[in-house]
Amino acid sequence: MINKRLLIKNLLAHNDENSFYDKKRKISLDTNEGKAKFLKHVCALSNSNPENNSYIVIGVEDETNEIEGVDFFDDSKIQNLVNSYFENPPKIQYENIPFPRLPRHKVVGLVTIHNTNKVTFLNKPIWKYVKGRIFFRRGSNSMSTLGKFELKNTNQSIVEAIEINASNNIELTLDGVFDFMNRHKPHYHPKYKVFNEQFVLCWAGEKKKVDGKVFYSRVDIELVNEQVRLFYSALDEVKIEYNHRSFIITEYIYLRIKEEFDYYPFEKTVIHFKDNGKHDIVTEFLFQPPQFDKKVLHHVYNNCNTILNKLQQKLPLTKSEQADLQEIPTNYLICELNNFSEAKSKLKEIKNCLRNLDDKSAYIKYKEAVRILRKVKNQDDEK
């Protein structure tokens with residue numbers, strides 16, 4: 001197994017120009033431009049590394065090599081994006097890698113682009129890139145052409161050496177377990193379990209009981225052998241189950257309007273450990289958006305808009321509005337799920353207002369609301 005944290009350190013040690021990895025401060029898949037730029041880098045690295053893996057490291061300042069980190073990213077549909085725009089699409093894998101000196105909610109993103117030994121090119125246009133465009137790397141720069149392109153194997157030996165140097169061992173695994181236990185305070189109930197005598201999984205979360213059921217919030221789950229964070233939850237409630245081969249996470253979201261509330265099943269993730277030293281992660285989307293009373297929702301929606309307008313005009317909020325401010329992201333989320341046509345755009349408008357507040361709890365709820373809407377949209381797109 002490869003220790004992904006050590007792999008990233010080895011990749012970042014190669015500061016000179018190369019064509020087997022790239023580093024980015026962040027990526028954005030919310031716009032066509034952001035998607036197109038991400039696809040360009042994936043295509044260029046794939047075509048420049050026909051017989052070895054290539055990588056994109058996300059959360060690193062390009063000039064200084066400083067590790068800044070990014071938010072945990074759990075979009076399992078990212079492979080679908082690659083498949084839908086490329087002929088001969090490479091298999092890609094996005095993983096969240098924790099680093100001890102980063103805040104608990106931050107990770108480094110690692111995109112692994114597996115070799116195909118075939119020329120990858122756009123099979124339809126996106127943004128300003130036309131159908132048939134072939135991207136490739138020349139040093140640290142991404143170039144492009146239309147027409148024929150010859151694959152050249154130039155990085156196989158150096159990438160193999162980097163991956164071998166990042167191989168996991170018992171010492172790294174034990175260090176990883178102790179590091180996880182020490183980073184999580186006792187009220188997070190940190191635990192570990194060994195699966196198939198090969199995989200060491202650590203998890204932690206704040207425990208509570210609701211109607212006799214045990215839930216965890218602020219859940220952190222890591223596969224220590226590979227130093228990969230498999231799951232992170234800032235707010236929602238999580239049910240954890242496991243047997244000798246599988247670890248099962250069922251995620252719930254808490255939605256409330258006035259006195260009407262419930263925990264709604266959102267997504268189930270099953271991590272299945274195999275005998276061959278590999279594991280599969282399968283997700284099942286469970287969410288059925290609840291429908292609330294429309295009269296109540298209109299009152300809540302108008303109240304949110306009033307607070308938004310005051311924030312934009314930098315006007316003082318009343319005491320009750322200050323309390324309601326914490327629930328604005330969730331309330332706009334519920335309105336969007338109940339077909340309020342402008343709710344999503346209002347949620348985007350309030351982003352900077354919440355981010356600039358001294359108390360970041362409302363901004364954390366904003367990011368959670370956006371994550372939920374992204375997953376709901378992905379599910380709708382598949383139907």
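Observations on the model:
- The criterion of being exposed (fewer than 13 other Cβ atoms within 10 Å of the Cβ), out of contact with any Pro (no Cβ under 7 Å at 6 or more places or on another chain) and not assigned by TED's automatic domain parsing to the domain that holds residue 93 does not hold for residue 326.
- The single condition among (1) closer than 18 Å to residue 230 by Cα; (2) assigned to a strand (DSSP E or B) that residue 177 does not meet is (2).
- Selection of first residues in segment 117-131 that are at positive phi and of second residues that are surrounded by 14 or more Cβ atoms within 10 Å (Cβ to Cβ) and small (Gly, Ala, Ser), restricted to Cβ pairs under 6 Å at least 6 apart or on distinct chains, gives the following pairs, ordered by first then second residue: 127/36.
- Test: residue 160 is in contact (Cβ under 8 Å) with a residue 24 or more places away in the chain, acidic (Asp, Glu) and over 27 Å from residue 252 (Cα atoms): yes
Per-residue answers, yes or no, for (1) in the same structural domain as residue 45 (by TED's automatic domain parsing); (2) surrounded by 12 or more Cβ atoms within 10 Å (Cβ to Cβ); (3) of a type outside the set (Lys, Arg):
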position	(1), (2), (3)
128	yes, no, no
137	yes, yes, no
170	no, no, yes
208	no, no, no
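- Candidates 341, 345 - the one that is without any contact (Cβ under 8 Å) to a residue 40 or more places away in the chain, surrounded by fewer than 12 Cβ atoms within 10 Å (Cβ to Cβ) and part of a helix (DSSP H, G or I): 345
- Matching entry among 161, 204 (being at pLDDT 95 or above and either among the basic types (Lys, Arg) or in the same structural domain as residue 48 (by TED's automatic domain parsing) (or both)): 161
- Single residue of 357, 373 found to be surrounded by fewer than 18 Cβ atoms within 10 Å (Cβ to Cβ), in a helix (DSSP H, G or I) and either touching a Cys at 6+ places or on another chain (Cβ under 9 Å) or free of Cβ contacts under 8 Å to residues at least 60 places away in the same chain (or both): 373
- Positions within segment 83-101 being over 16 Å from the mean Cα position of the chain (by Cα) and either under 21 Å from residue 176 (Cα atoms) or buried (at least 18 other Cβ atoms within 10 Å of the Cβ) (or both), in sequence order: 85, 86, 89, 90, 100, 101
- Test: residue 209 is touching a Leu at 6+ places or on another chain (Cβ under 9 Å) and assigned to a strand (DSSP E or B): no
- Residue-level analysis places residue 94 outside the set of residues that are outside the structural domain of residue 54 (by TED's automatic domain parsing), modelled with pLDDT of 95 or more and hydroxyl-bearing (Ser, Thr, Tyr).
- Restricting 8, 56, 27 to residues that are in a strand (DSSP E or B), of a type outside the set (Asp, Glu) and assigned by TED's automatic domain parsing to the domain that holds residue 130 narrows the list to 56.
- Residue that is surrounded by the fewest Cβ atoms within 10 Å (Cβ to Cβ), among those in segment 34-49 that are more than 19 Å from the chain's Cα centre (by Cα) and assigned to a helix (DSSP H, G or I): 40
- Just one of the listed residues (65, 115) is loosely packed, with under 15 Cβ neighbours inside 10 Å, among the polar types (S, T, N, Q), touching a helix residue (DSSP H, G or I) at 6+ places or on another chain (Cβ under 9 Å) and not assigned by TED's automatic domain parsing to the domain that holds residue 181, namely 65.
- Checking each residue in segment 221-240 for being in contact with a helix residue (DSSP H, G or I) (Cβ under 8 Å, 6 or more places away or on another chain) and within 16 Å of residue 371 (Cβ to Cβ) picks out 234, 235, 236.
- Top-ranked residue of segment 215-243 - restricted to ones that are in a loop (DSSP other than H, G, I, E, B) and under 29 Å from residue 7 (Cα atoms), ranked as farthest from the chain's Cα centre (by Cα): 225
The values are calculated or read from the model by the stated rules, or taken from the named source; none is laboratory data. All figures in this text were calculated on a predicted structure; none of them were measured in a lab. With ideal geometry, Cβ positions are generated from the backbone for all residues, glycine too; neighbour counts draw on all protein chains shown.
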